[in-house]
């Protein structure tokens, strides 16, 4: 039973294939009433002569009876069967076509055309080999010249603001000459149409890579802009995104800072380029401020004069711009007074100057009998006295201001030594130059 079902399926499949072949392209037009035997022979001879001139139809035979053409045999390619119908239908005298040609499954017959094509391509390659050699040599010479030109120091070091930009110029020159070499080779081979395909594929690949490494590309472009604009110099004290430190170097990927605590801070250049940068070293003069809380009963005007006089005593505080004192506001149990003074930060440490100013101002206020009270709290309760015993007053010790050379010089010298050691560790990996223009 199973064999019978399989036989029926095979017959139906073969019958459907034969019907599809028979129902292919058929000639149109009126059919003659009379049959001409000589015409049939002439039609057959014409069809066989045509097939004899075409490749792939060596095993195809045609018979003609009453204008009906019957085609038998095998072909290697199935597409030739349909093309055979279209070809025979164009022959004069053909009434109908019965195409029983099938696709050959013989291994040798199917391999022979492939071998022939490979042989033809090999012969074509041998014939074109001198031209290919000339094209490759011309393209290689163009690339070699481009790489030689890129390796020269002139004119790239002369027109570039720094070594990083000069290296980018060299990379652009190398890439341009590589493209020129490829275009020259393809032009000699008359295959410039292939260049459009290559560039299109390269564009798609480049776009995909660009999305994948978007942060890297943004960082690279930021490095170029920072190396050109130079918003800071080596050793400058800057604040970037809340991080404060001295600039050690600017690399092609990040800006390296040395914090005041001696720690390395590495900030990506894309962040640096978009951030607010505070450069404390740009101006020699720098102001420090601090706030003191005096007792509410004190004469505020006298306290301000005492603080101002104390600031003027300090040898490192500049006379122009001079120090200033103002009332900041009312505290919980004090009057808050803010004092400000200017120093030359390249000669005096800002932290040490502020601390010394607080020490001297506090001593002068206490010498004048103006205390700096701590926060006072009043406790109300049953059986307690409204007045509390006051603490005995102490006589403040005399205070002498430090000289300017003693305020912060040791720390600044030690930090300067650390910065120099860090910069000398990688002298070539720095895009900052003192002689470069600064924005």
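The values are calculated or read from the model by the stated rules, or taken from the named source; none is laboratory data. These numbers come from a predicted model, not from an experiment. Reconstructed Cβ throughout: ideal geometry from the backbone, glycine too, with neighbour counts over all protein chains shown.
Evaluated against (1) surrounded by 13 or more Cβ atoms within 10 Å (Cβ to Cβ); (2) touching a strand residue (DSSP E or B) at 6+ places or on another chain (Cβ under 9 Å), residue 150 falls short on exactly one condition, (2).
The rows are residues; the columns are (1) in the same structural domain as residue 185 (by TED's automatic domain parsing); (2) in contact (Cβ under 8 Å) with a residue 24 or more places away in the chain.
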| site | (1), (2) |
| --- | --- |
| 37 | no, no |
| 40 | no, yes |
| 57 | no, yes |
| 60 | no, yes |
| 70 | no, yes |
| 83 | no, no |
| 95 | no, yes |
| 122 | yes, no |
| 130 | yes, no |
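Residue-by-condition table, conditions (1) in a strand (DSSP E or B); (2) more than 19 Å from the chain's Cα centre (by Cα):
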residue: 200; (1), (2): no, yes
residue: 206; (1), (2): no, no
residue: 221; (1), (2): no, no
residue: 225; (1), (2): no, no
residue: 245; (1), (2): yes, yes
residue: 288; (1), (2): yes, yes
residue: 297; (1), (2): no, yes
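For region 90-138, residues that are over 29 Å from residue 47 (Cβ atoms) and surrounded by 13 or more Cβ atoms within 10 Å (Cβ to Cβ) total 5.
Could you please let me know if residue 250 is assigned by TED's automatic domain parsing to the domain that holds residue 419, out of contact with any strand residue (DSSP E or B) (no Cβ under 7 Å at 6 or more places or on another chain), surrounded by 15 or more Cβ atoms within 10 Å (Cβ to Cβ) and at pLDDT 85 or above? Taking the combined requirement at face value, the residue satisfies it.
Select, from 198, 221, 209, 256, the only residue that is closer than 30 Å to residue 137 by Cα and either buried (at least 16 other Cβ atoms within 10 Å of the Cβ) or modelled with pLDDT under 90 (or both). 198 is the lone residue from the list that is closer than 30 Å to residue 137 by Cα and either buried (at least 16 other Cβ atoms within 10 Å of the Cβ) or modelled with pLDDT under 90 (or both). Only one of the listed residues (22, 7) is in contact with a strand residue (DSSP E or B) (Cβ under 7 Å, 6 or more places away or on another chain) and modelled with pLDDT under 80. That residue is 22.
Right, residue 145: exposed (fewer than 15 other Cβ atoms within 10 Å of the Cβ) and assigned by TED's automatic domain parsing to the domain that holds residue 176 or not?
In short, yes.
Quick grid of which residues meet (1) surrounded by fewer than 16 Cβ atoms within 10 Å (Cβ to Cβ); (2) assigned to a loop (DSSP other than H, G, I, E, B):
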site: 321; (1), (2): yes, yes
site: 325; (1), (2): no, no
site: 329; (1), (2): yes, no
site: 359; (1), (2): yes, no
site: 363; (1), (2): no, no
site: 366; (1), (2): no, no
